[in-house]
Amino acid sequence: MLDLVAQYATIKDDVLAAMMKVVEAQQFIMGPAIPELETAVAQLSHAKHGIGCASGTDALLLPLKALNLKPGDEVITTPFTFFATAGTIHNAGGTPVFVDILPDTFNIDPAAVKRAITPRTRAIVPVHLYGQMADMLELMQIARPLGVKVIEDAAQAIGARRKIDGEWRVAGELGWVTGYSFFPSKNLGAWGDAGMMVTSDDAAADRLKKLRLHGGAKQYHHEEVGTNSRLDTLQAAILLAKLPHLAHWSAKRREHAGYYSKALGDVPQVTPPPVDPANEHIFHQYTVRAERRDGLQAHLKKEGIGHAVYYPIPLHRQPCFADLGYKEGSLPVSEQASREVLSLPIYPELTRSQLDRVIDAIRGFYR
Ligand SMILES: Cc1ncc(COP(=O)(O)O)c(C=O)c1O
């Protein structure tokens, strides 16, 4: 599914040199690589501030904490995502309100968001799933007049773009705060856990800087209770060394996606992932809908071909959220997606013959 060793071979010298600089300076905590990476990622996101943190999960948790949610405060999000999107809403003291997704892009449905707004709605957390941006224009138009904050979960979408009124707008540009994950499998992956928040709101940036450092900008002075969610300097140095490759890696993923989608076009049992014409997708995942998905999965396993189901159980059906009262059938588009999706290998270093093997195996199953 993912061969990180293949990538390592291409960047080893640069990344090891960057790591050794940190090692030789013995500056492991809040070293100079951190502000450098923060500036670079903020720029990439057309945002004023980058605030590094320990993980993509914390990159959502800290802005949610900054909302000072009270019991009963609601945060609208998608159930068709990685657990952290909703787990952090709960851990920040809010109630996740799940709404359904669009059947083509798998992203949150703005019309469903609109219907779910109540006087208790404090925020909306769209996820740019698989590397394709959600409809940020519609979402901002719903949220802004109500004073509702939009926190973009861009864990899978660093560098993704969307044309709005003829102009490219990027992930991280339009929301109040955006969270990135640098989990090793991401398009820009660290060699461990790491994350970052970006925002153009000066007050939010100050608050987030405090929250990641035990609630105080000055050592031993605590205006509020925060936590330790620093970005590790070694990880920042690794990410800085990898960052110049990101655009090329994402372009390679797009190229592979195009190849798969063309080849699978004549397999009627498989629906390649539609790309919203306004979007430039970064294909963190290449996810098809497949008839007899579980059978196809077993077949690929037998053939030794990597694959994964993201995500087999939508979050409104997770036992930990049973109290919220959702039932089977509550969010049918998400539930159907969970039964039908299958992600195929899409990492940049894949060769044409490897892609052909995946395609042949899929054809073989339906023949
Ligand atoms: C959509 C989404 N949100 C949040 C996260 C959490 O990021 P992390 O694993 O870095 O905590 C991830 C990734 O793992 C993700 O895919």
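In the set A205, A155, only one residue is surrounded by fewer than 23 Cβ atoms within 10 Å (Cβ to Cβ) and touching a strand residue (DSSP E or B) at 6+ places or on another chain (Cβ under 6 Å); that residue is A205. Criterion first (part of a helix (DSSP H, G or I), out of contact with any Gly (no Cβ under 7 Å at 6 or more places or on another chain) and of a type outside the set (K, R)) does Q43 satisfy it? Criteria met by Q43. Restricting the first member to the stretch 140-168 and to residues that are farther than 24 Å from I282 by Cβ, and the second to residues that are more than 16 Å from the ligand (Cβ to nearest atom) and assigned to a loop (DSSP other than H, G, I, E, B), the beta-carbon pairs closer than 8 Å and six or more apart or on different chains are I142/I117; I142/V148; L146/I117; V148/I117; K149/L67; K149/W176. Residue count for the stretch 28-40 under the criterion of being assigned to a loop (DSSP other than H, G, I, E, B) and not hydrophobic (A, V, I, L, M, F, W, C): the result is 2.
Residues in the stretch 266-290 that are modelled with pLDDT of 95 or more, more than 14 Å from A134 (Cα to Cα) and surrounded by fewer than 21 Cβ atoms within 10 Å (Cβ to Cβ) were compared, and the one that is farthest from the ligand (Cβ to nearest atom) is P268. Could you list all residues from the stretch 291-329 that are more than 16 Å from the ligand (Cβ to nearest atom), assigned to a loop (DSSP other than H, G, I, E, B) and of a type in the set (A, V, I, L, M, F, W, C)? The one that is more than 16 Å from the ligand (Cβ to nearest atom), assigned to a loop (DSSP other than H, G, I, E, B) and of a type in the set (A, V, I, L, M, F, W, C): I305. Filtering the stretch 330-357 down to residues that are over 26 Å from K252 (Cα atoms) and not aliphatic (A, V, I, L, M), which residue is surrounded by the most Cβ atoms within 10 Å (Cβ to Cβ)? So, considering only residues that are over 26 Å from K252 (Cα atoms) and not aliphatic (A, V, I, L, M), the one surrounded by the most Cβ atoms within 10 Å (Cβ to Cβ) is S334. Taken over the stretch 214-232, the criterion of being among the aliphatic types (A, V, I, L, M) and surrounded by fewer than 19 Cβ atoms within 10 Å (Cβ to Cβ) is satisfied by A217, V225.
Each residue in the stretch 202-230 was checked for being closer than 17 Å to E38 by Cα, in contact (Cβ under 8 Å) with a residue 60 or more places away in the chain and either among the aromatic types (F, W, Y) or away from the ligand (no atom under 11 Å from the Cβ) (or both), and 9 pass. Residues in the stretch 98-145 that are within 15 Å of the ligand (Cβ to nearest atom) and not in a strand (DSSP E or B): T105, F106, N107, P126, H128, L129, Y130, G131, Q132, M133, A134. Criterion first (closer than 23 Å to A157 by Cα and either assigned to a strand (DSSP E or B) or of a type in the set (G, A, S) (or both)) does G258 satisfy it? For G258, the condition - closer than 23 Å to A157 by Cα and either assigned to a strand (DSSP E or B) or of a type in the set (G, A, S) (or both) - is met.
Of all residues in the stretch 164-188, those satisfying the criterion of being of a type in the set (F, W, Y), outside any strand (DSSP E or B) and either touching a His at 6+ places or on another chain (Cβ under 7 Å) or within 14 Å of the ligand (Cβ to nearest atom) (or both) are F182, F183. Screening A86 on (1) more than 16 Å from the ligand (Cβ to nearest atom); (2) crowded, with 20+ Cβ neighbours inside 10 Å; (3) of a type outside the set (V, I, T) shows it passes everything except condition (1).
For the stretch 24-33, the count of residues that are crowded, with 23+ Cβ neighbours inside 10 Å and in contact with a Ser or Thr (Cβ under 9 Å, 6 or more places away or on another chain) is at least one.
The values are calculated or read from the model by the stated rules, or taken from the named source; none is laboratory data. All of these numbers come straight from a predicted model, not from anything done at the bench. Glycine also receives a Cβ, built like all others from the backbone with ideal geometry; neighbour counts cover every protein chain displayed.
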